[in-house]
Amino acid sequence: MLYEISSADTRLGSAGWSSRAEDPSTAFTNPAGMSRLCGRQIEFGSQAIYQHVDFYPNSSTTVSGSKGEGCKFFPSGGTFYVQPVSDNLTLGLSVLSYLGAELVYNGDWVGRYYVRKTRLQTFSCVPSAAYRINDQLSVGVGVNVMYGMFLQKSAVRNLEPGAGDGSLKVSNNRFGVGGVIGLLYEMTPCTRFGAQYLTRVHIGFKNKPEFRNIGPLLTRALADTGAGNSKINLDANIPQSLILSAYHDLDCWSLMADIGWQQWSKFQRISIAVTNPADTTLSFTPKLEDCWHAALGAEFRWNEDWTFSAGIAYDSSIVKPVNMVLDFPVGHQWRYGTGFRWKLTDDLKLDFATELQWQGNLRCSQGRGPLAGVVSGNFRDMYVYFANMNLIWAF
């Protein structure tokens, strides 16, 4: 789950997520915050993401092959629009991706029988509305229409001696619908508090597995168990979450803080692999934990045109080391962000941000059957690097 949906959230490490309400991205982070914006505004964002994933096997690994190299670069971005309708009512629209992951390992790596490629990507279109109840309190709601894309590929070990590997692929695309609710309380002109609640989104992926280059012995075993021809339920419950934020102006400084929770224990992420010829199912659901989040950030207004920011955030791990799997390596996360906002004109602002998300070293040992073997080792120096550039236009 990504907090880096705009440059402001990236350079502040997400601090002030639901209380900042200073640009159109609040249409998603807290729709109630749209009530603070003046006039029509639109925000265009582009993002470059680089993830570093290297797995080093140890002596307990029983599969021959190379270390796992899953490093990948990919682009992202988002667009946010805010339109006042009356003194009290404001409408907005967000188009973004706030949840997703993709891993592509080299084909001969030791964990190829568990995963070669895996992807869960989502795109959300969120129409929203804010209503100012009085000078201090605003409320907001939005409908989260999410399109999800699931793909997983793995190698399959044939039973014939000397036979090469076959392959397994499962993919499906589906829609899901959820909601976002926001509250903003402006205690004074300098101090405000915000809350964003994201509901769960259920996406009912379901499809038959596609096999290639499978030998006759394994083909017969899959047919006997029924695993080769049955549809697999790949339901994904995108977690619900709650983030509470505070914001305070102090002369030329602004200070921000967050605390949050995400219900990953209900996230049904499915892994697909052929691990045992006697299995009647190809699916496996890793056990996950709920996540806690905290962030601190500050902005410094150097002058009327330039604002500099920095932030730090921490998220607890959603996977205990004993439950770590090769296709979903994730631990506790530290975020370190910095960047600036430059006012080009009264109507146009340029926002730039960079952030390092650091996870460090993660232990993993997975063994589910004779066809997949035991793969044990460490993911070393896990990190994700973000670079954002956003343009905000008031018109």
Pairs where the first residue, in segment 67-91, is more than 20 Å from Ala101 (Cβ to Cβ) and of a type outside the set (Gly, Ala, Ser) and the second is assigned to a loop (DSSP other than H, G, I, E, B) and open to solvent by 60 Å² or more (accessible area, probe 1.4 Å), C-beta under 9 Å, 6+ apart: Tyr81/Arg40; Val82/Arg40; Gln83/Arg40; Pro84/Cys38; Pro84/Arg40; Asn88/Ile133; Leu91/Val85
Conditions (1) at pLDDT 95 or above; (2) part of a loop (DSSP other than H, G, I, E, B); number of the one not met by Gly92: (2)
Which listed residue is open to solvent by less than 30 Å² (accessible area, probe 1.4 Å) and of a type in the set (Lys, Arg), from Arg341, Arg363: Arg341
Segment 154-176, subset part of a strand (DSSP E or B) and surrounded by fewer than 20 Cβ atoms within 10 Å (Cβ to Cβ), residue farthest from the chain's Cα centre (by Cα): Gly166
Candidates Leu184, Leu137, filtered to the one that is touching a residue at least 60 places away in the same chain (Cβ under 8 Å) and either open to solvent by less than 10 Å² (accessible area, probe 1.4 Å) or not β-branched (Val, Ile, Thr) (or both): Leu184
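Mind checking which residues of segment 194-213 are open to solvent by 40 Å² or more (accessible area, probe 1.4 Å) and either in contact (Cβ under 8 Å) with a residue 40 or more places away in the chain or within 22 Å of the chain's Cα centre (by Cα) (or both)?
Scanning segment 194-213 gives Tyr197, Arg200, His202, Lys206, Glu210, Phe211, Arg212, Asn213.
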Qualifying residue in segment 195-205 (condition: modelled with pLDDT under 95, within 30 Å of Arg157 (Cβ to Cβ) and part of a strand (DSSP E or B)): no
Cβ-Cβ under 8 Å pairs, at least 6 apart or on other chains, segment 327-353 side among the acidic types (Asp, Glu), far side outside any strand (DSSP E or B): Asp327/Tyr114; Asp327/Val115; Asp347/Phe395; Asp351/Ser6; Asp351/Ser7; Asp351/Ala8; Asp351/Arg11; Asp351/Asp23
Qualifying position, being crowded, with 19+ Cβ neighbours inside 10 Å, in contact with a Leu (Cβ under 9 Å, 6 or more places away or on another chain) and more than 21 Å from Val180 (Cα to Cα), among Gly111, Gly78: Gly111
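Looking at Ala101, Ala21, Ala32, which is the one that is assigned to a helix (DSSP H, G or I), touching a Leu at 6+ places or on another chain (Cβ under 9 Å) and either under 25 Å from Met382 (Cβ atoms) or not aromatic (Phe, Trp, Tyr) (or both)?
Exactly one of Ala101, Ala21, Ala32 is assigned to a helix (DSSP H, G or I), touching a Leu at 6+ places or on another chain (Cβ under 9 Å) and either under 25 Å from Met382 (Cβ atoms) or not aromatic (Phe, Trp, Tyr) (or both), namely Ala32.
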Those residues of segment 227-244 which are part of a loop (DSSP other than H, G, I, E, B), open to solvent by less than 30 Å² (accessible area, probe 1.4 Å) and free of Cβ contacts under 8 Å to residues at least 60 places away in the same chain, in sequence order: Ala227, Gly228
Test set (1) over 19 Å from Arg192 (Cα atoms); (2) surrounded by fewer than 18 Cβ atoms within 10 Å (Cβ to Cβ) - Phe55 fails condition number: (2)
Answer from Arg36, Arg20 - the residue that is open to solvent by 20 Å² or more (accessible area, probe 1.4 Å), touching a residue at least 24 places away in the same chain (Cβ under 8 Å) and not aromatic (Phe, Trp, Tyr): Arg36
Lone qualifier among Phe379, Phe386 - being in a strand (DSSP E or B), surrounded by 17 or more Cβ atoms within 10 Å (Cβ to Cβ) and touching a helix residue (DSSP H, G or I) at 6+ places or on another chain (Cβ under 7 Å): Phe386
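The values are calculated or read from the model by the stated rules, or taken from the named source; none is laboratory data. Source: prediction; values computed, not measured. In this analysis, Cβ positions are derived from the backbone assuming ideal geometry, glycine residues included, and neighbour counts consider all displayed protein chains. The area values use the complete protein model at the heavy-atom level, side chains included, leaving out ligands, DNA and RNA. Shrake-Rupley method; radii C 1.70, N 1.55, O 1.52, S 1.80 Å.
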